[in-house]
Structures are given as structure tokens and as C-alpha cells.
Amino acid sequence: MSTDRGRCAAVALAVLLAASLAACGGARQGSAPAGNAAGHALHAAAPGLTDAEKVLNVYNWSDYISPDVVPAFEKEYGIKVNYDVFDSNAVLQTKLLAGQTGYDIVVPSANFLALQIKAGVFQKLDKSRIPNLKNVDPDIAKRFAPLDPGMQYAVNYFWGTSGVGYNVDKIKAAMPAAPVDSFRMFYDPAVVRHFKDCGISILDEPEEIINTVFVYLGIPANSERPEDLAAAEKVLMAMRPYVRYVNSSRYIEDLANGDICLALGWSGDVGQAGLRAREARNGNNIKYLIPQEGAVMFFDMLAIPADALHPNNAHLFINYLLRPDVSAKNSSAVHFASSNAAAYPLIDPVVLNDRGIFPGPETKAHLVANLPRSQAYMRLLTRMWTRFKSGR
Ligand code: N2P
């Protein structure tokens, strides 16, 4: 890297890091891990230097992989996987921008990935080592293509939506005519107030939640107009008194147990809550619906940090996750949508035919993607989100 490019990357990193740290202001309630379980030394090393080491350090979203997939990879390749989890893009971004994470694979959402690519966080993929890339569904790929043109840095792991996760019986008891297929469940005070006592949660992902409010209000997604932000803040502040907590992972267990009755949550997470309730035979009937107003579609992307110590092993793992049988096993277990066309016929039909997970073309046409926002806008959004979380 020339000195100029190095300086440029350093400045870009500093700017993005400042924005990211600001985004993380305030105590988080998430289940972010304490650090890399492998305890990797935080020293710079030439990429691939220690690749002979049969190790792979993965940092993925929580509740996002079938429990038998990592052991099967370890057995097949003789590579030991250290697997850590996070539950928010802001937590991952802070680590990535600080650098030397010790991770070989990370899974940012595509709107975050786009900014991180600009900051020089990732290395380009060697596609010759990912033959299973041929399986990617072009219909889904075209939607995240603008965020990483040509899939140079990342491949899609799963995609999904944020919508209405609810306990059918508890919601019916609280409000017999509840509009369960609408964002009114959260954003109309005359509706949401009915569910305060049985418990409501909302995701701690401001860039995504603000877009759900825009969808509800009929404002174009990703708008950066200050007046749109103000309108969304008004909606969020009005519903805040009814919300029990703002968190992106706790709601799976709480919905399953009946400790909450309503979650503005991610499609697959709600699906997993339903599965856990069925397995526990606790009588909680959990459903997920994509609101009829439309919804936000996210894409979580597998990428390799520029300073990863085991990029060869990382490529092997990415290719493994894209194997149709492996992708199908994961999708069937975590209830998120694979974008691997060759995997579709192998996915559990209950998951594949669930229109909350794999929506039909009409619903898909009403889904909007999160796009990266400007730094100036992020400062405003972060301040608003801090006010929302604290309820003041
Ligand atoms: C996994 C949630 C991942 C979806 N539990 C959010 N990008």
C-alpha cells in the first residue's frame, strides 16, 4: 500500500470509527461476546501467514447457524473453529473499524458492509476458491448488488425481514380485533397500548427500525430529510412507554416462553421462537407476519477482514456454507431465507413454504432494503435513538 493510500484509509477509518462509536453510545443490553474466544494476540501479521494453522475464527450473529454445521466442518477439514456471536451491526462495526479483531469471517448486514468496504476493512474474495458461488439466486443477488458491485468482497449468508412476531392467543386476549398484519401493532398508540402488559420488544437496530417507521408513514425508505426523522421520532416516542425493552436477541426466548407477547423482530428469530415453544410444548403459538404496508429486507454478508490470519480457511468455510445441503440445513434450522437456489429443494418444506420467511413475489415487491446513510445523518439518528432507548 502506498503512503498516500495508507493515509487515506487511515482518515476514512478514523471518520467511520467516530461515527460508529457514537452509534454505540449508551449501555447496550445485547448479548455481544466479551471477545474472541480464541484469545488471538492483537498483533499485525501478513494475511495468511498463519494459515497453515488449522484454525478459523468466526464472528456471526447469535442464533444464526444449525448446531451441527460447525462440528461437521471441523471434522471434514480438520480445522478448529472458534465461534463468537454478536446481535447488532453497531457492535460488529466498532470492532471492525478498530481493526485486528482476530476474526477470519464476519457477517455484517449489506448496508454496513458497503461503508466498511470503503474504509478498507475487508479483503477481496478469491472467487476461484468459492465454486459454490454459482448457486446464488440472481433475483436476490440483484437486490444487494449495489452495496458490493460484482460480489467482490462478500457473499450473502441469509436474508430476511423485520416484522410482527406475536403470540396468537395472548394478542387475541388483549385485543380481539388486533391488526396483526400491520405496523399499527407497534406504531399506532391506540393499538400498541393493549399489549403493554403482556410485553413488547423492539430491535436495537436504528437504521432498520427508522425504515420500518418510514414504511408505516409512507415515507421513502432511507430518507435523510430531517423532517422525516422528526416525524419518525414522534411515532417512536409515542410507542416507547408501552415497550418493555429494546434488544435484538433476548426476544426469541421471551416470545417462546410467553414472557412477551409482541416483538418487532426478525423473521427467522420469530420462527425459532415458535419452534422452541413447540418443542417445549408450552402452549405458546408464535407467528410472524410481514406487515401489509411493506417491510424492510436485510442481507447478511459473509466477509473476510483484510487482516484475517486464516484467509484460506475462511474461503473454505464460505464455500462450505454455500454448499446446497449445508445452506439448506442452516436455513431449515434458523428459519432465515437462504439465497442459494440449489439449496431450495433441500430446505424443510415447512420453512420453504412459510411466506413470512420466503415471501411470494407480490410481497417481495413491497420490501425495501436498508442503504448506507451519510455521516451527518447518522449523527442525528444516533442521538434520536439514544433518546428513544432511554425513553426521554
Ligand atoms: C440472527 C439475526 C440476524 C438478522 N439471529 C439480522 N441481520
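Brief remarks follow.
- Close amide H pairs (under 5 Å, H built 1.01 Å from N) link residue 122 with 306, residues at least 5 positions away or on another chain.
- Here residue 329 is the anchor, and the lysines within straight C-alpha reach of less than 17 Å, apart from those fewer than 8 places off in the same chain, are 75.
- If you run the Gaussian network model on the chain, springs between alpha carbon atoms under 10 Å, then out of 350, 180, 246 the most flexible one is 350.
- A viscosity of 0.890 mPa s and a temperature of 25 °C, combined with the Kirkwood radius over C-alpha pairs in the Stokes-Einstein formula, give region 52-172 a diffusion coefficient of 148 µm²/s.
- Pairwise label distance in nanometres, residue 196 with residue 237, each label 7 Å out on the Cα-Cβ vector: 1.8
- Pairs from the list 134/364; 54/134; 196/364; 95/118 with a Cα-Cα gap above 19 Å: 134/364; 54/134; 196/364.
- Relative contact order of region 255-392, pairs being alpha-carbon contacts under 8 Å that are 6 or more residues apart, as %: 24
- In a fully extended conformation the segment linking residue 177 and residue 376 would gain 67.5 nm over its present Cα-Cα distance, using 0.36 nm per residue.
- Cα-Cα separations in region 211-309 greater than 15 Å, expressed as whole percent: 71
- Full-stretch length increase - residue 392, residue 83 - with 0.36 nm per residue and alpha-carbon distance subtracted: 107.5 nm
- Ligands, DNA and RNA left out, the 1.4 Å accessible surface of the chain is 57% carbon and sulfur atoms.
- Scattering curve values for the chain, log₁₀ I(q)/I(0), Debye with Cα scatterers, q = 0.06, 0.09 Å⁻¹: -0.22, -0.51
- Relative packing of peptides 73-81, 119-127 - highest average C-beta neighbours within 10 Å first: 119-127, 73-81
- Most to least packed among 274-281, 58-65, 228-235, 196-203 [average Cβ atoms within 10 Å]: 58-65, 196-203, 228-235, 274-281
- Taking 264, 255, 133 in turn, the Gaussian network model of the chain (Cα-Cα springs below 10 Å) assigns the largest fluctuation to 133.
- Global dimensions of region 288-375 from alpha-carbon coordinates: Rg and Dmax equal 15.7, 46 Å.
- In Hz, Karplus ³J(HN,Hα) per residue of region 262-270 (6.51, -1.76, 1.60; θ = phi - 60°; x = Gly, Pro): 8, 9, 7, x, 8, 2, x, 5, 5
- Percent of C-alpha pairs per 10 Å bin in region 104-237, short distances first: 9, 31, 27, 21, 11, 1.
- Within a straight-line Cα-Cα reach of under 15 Å, residue 124 can be paired with the following aspartates and glutamates, leaving aside sequence neighbours fewer than 8 residues apart in one chain: 104, 148, 307.
- Charge dipole of the chain about the Cα centre (unit charges at C-beta), most positive-ward option of 216, 66, 316: 216
The values are calculated or read from the model by the stated rules, or taken from the named source; none is laboratory data. These figures come from a predicted structure and were not determined experimentally. Please note: Cβ atoms are built from the backbone with ideal geometry, for glycine as well, and neighbour counts cover all protein chains shown. These accessible areas exclude ligands, DNA and RNA; they are computed on the full protein's heavy atoms, side chains included. Shrake-Rupley method; radii C 1.70, N 1.55, O 1.52, S 1.80 Å.
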